[in-house]
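As structure tokens, the structure follows; a few thoughts come after it.
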Amino acid sequence: MFSNYMVGKAFISCNALTQKFGMLDNYEPQKSIRQTIIAHARNTYLLVDHTKFDDSADMIIGPFSPLSGVITDEKPSQEWRIFFKENNIAVFW
């Protein structure tokens, strides 16, 4: 469905994120759509609230490497800010 489109900026969400596994989801259809959108976007931004950090979910969407930035509602922990900096991912709160 989305595989025929290219976008300049994509804004996606996920159910959870961990430094070990990346972006996570609980629903296969949403996971697949998010993977397709990431693959067809020039810049992808992850929109997550503070409760998603270090939470758990059943399926891996993918690593953080395709992300241009993360937008969240609260300042992430120092551990996460260092992680994003080391991986060249902008973080906005």
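Computed values, structure above
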| read-out | value |
| --- | --- |
| Whole-Hz couplings from phi, Karplus 6.51/-1.76/1.60, listed for segment 64-78; x for Gly and Pro | 7, 3, x, 6, 8, x, 10, 10, 9, 8, 9, 4, x, 4, 4 |
| The chain: C-alpha gyration tensor shape, a/c 1.5 cut-off, then a/b vs b/c | oblate |
| Max mean-square fluctuation residue, GNM over the chain, Cα-Cα springs under 10 Å, options Pro63, Pro29, Pro76 | Pro29 |
| Phi to ³J(HN,Hα) by Karplus 6.51 cos²θ - 1.76 cosθ + 1.60 over segment 83-93, Hz, x for Gly, Pro | 4, 4, 4, 4, 9, 6, 10, 5, 10, 10, 9 |
| Under 23 Å from the Cα of Lys20 - lysines, other chains or at least 8 residues apart | Lys31, Lys52, Lys75, Lys85 |
| Percent antiparallel among DSSP beta bridges (both partners in segment 7-92, rounded to 5) | 30 |
| Choice from Ile12, Ile82, Ile60 showing the highest fluctuation, given a GNM over the chain with Cα pairs closer than 10 Å | Ile82 |
| Qualifying GluC sites (Glu not before Pro) in the chain, DSSP loop, other Cβ atoms within 10 Å at most 12 | Glu74 |
| Gain in span if fully extended, Lys85 to Ser68, counting 0.36 nm per residue against the direct Cα distance | 5.0 nm |
| Segment 30-38 - phi-based ³J(HN,Hα) in whole Hz, Karplus 6.51/-1.76/1.60, Gly and Pro as x | 5, 4, 5, 5, 4, 4, 5, 4, 4 |
| Residues whose placed amide H lies under 5 Å from that of Ile71, excluding near-sequence neighbours | Leu46, Leu47, Val48, Phe92 |
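Bear in mind these aren't lab numbers, they're just calculated from the coordinates by the rules spelled out. The structure displayed is predicted, hence computed values, not measured ones. All Cβ positions, even for glycine, are placed from backbone atoms using ideal geometry, and neighbour counts span all protein chains on display.
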